[in-house]
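Here the structure comes first, spelled out in structure tokens, and everything after it is commentary.
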Amino acid sequence: MRRIEVKHKWRMGPRGAKHRAELGASVSRLKSPAASHSGTAALLETLVMPLSVAAVVIIVLHVLNVALGYPSWQLEHLLDLDGEANIASWFSGLLLAASALVAYLCARKARFVARGQASLWWWVSVLLIFMLCDEVATLHERCTEVILHRVFGGQPLVRAANWIVVLGPFVIGCFAWLGMRLRQALRMSPVAARRMLLGVGIFLAGAMGVEFLLNGITSETAVWLVHAQIVIEESLEMAGVLCFLSGLLAHLQTLEAVTSDKGQVA
């Protein structure tokens, strides 16, 4: 009992209070103009607005191409939001790659602030890299085909949303775990927490919600609904990743402020 009391006293003693005060002071300094224009995170954050504008331009070009009746097959290939190996897919991959890089930087900085949290950001970076590979190679659809063929004899469970039915529970479980861990790890970065959790929600709404709700709609039944589904789904996915990236950068700024106060360089 005595050892437990001593340990508790040490945690709540002057050293613990001093550590919390240092973290609070570091976070408060992020609001100052000097802090907002320095550091790697601040430099990278200037790219969020151009990336957002680029996303809007890509979506508008797709809509115009559809409205004009696909005047050129070259333009259709380059601008199709639902296509592969084109501008839209490359841009989505770029957003995921940038997010994975910032998560990696957060992991390096977190080693000097809260070593237990560094592993979380490593896992976030790995998850984003996997999502990048999935964006390029459509791994979720290929995995679903294998599972349906091996387990269900090739009979589709739902016509247009097989992957959601088969892999949906696993995906939701992974993101639920990620959300809980992020809330715990981002107590010192409430702005970052709000942005990241909002980004995850927006991304899932586009990647799973829209596709599941509009399941079964084909070009023979309602052409305009098919186009609307593609635009809404891809727009929400891009917006979700951009919001998550913004939250990562906000947290990286917090970590940079804390590590600079301690005189440590990651």
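Coordinate-derived values only; no laboratory data. In this text, all values refer to a predicted model and were calculated from it rather than measured experimentally. Quick reminder, even Gly has a Cβ in these numbers, built from the backbone with ideal geometry, and neighbours come from all protein chains shown.
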task = Just subtract the alpha-carbon distance of Ala176 and Val223 from 0.36 nm times their residue separation and send over the number in nm, one decimal.
result = 13.5 nm
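Can you give the net charge of the other residues whose Cβ lies under 13 Å from the Cβ of Ala228, counting K and R as +1 and D and E as -1?
Values: positive: none; negative: Asp82, Glu211, Glu233, Glu234.
Summing Lys and Arg as +1 and Asp and Glu as -1 gives -4.
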inquiry  = Let's test the formula: R0 of 41 Å, r as the Cβ-Cβ distance of Asp82 and Ser119. What FRET efficiency results, to the nearest 0.05?
reply    = 0.70
remark   = On the formula 1/(1 + (r/R0)^6), with r taken between the Cβ atoms of Val53 and Asp134 and R0 of 22 Å, the FRET efficiency rounded to 0.05 is 0.30
note = Net charge (Lys, Arg +1; Asp, Glu -1) of residues whose beta-carbon lies under 14 Å from that of Val102, Val102 excluded, is +1
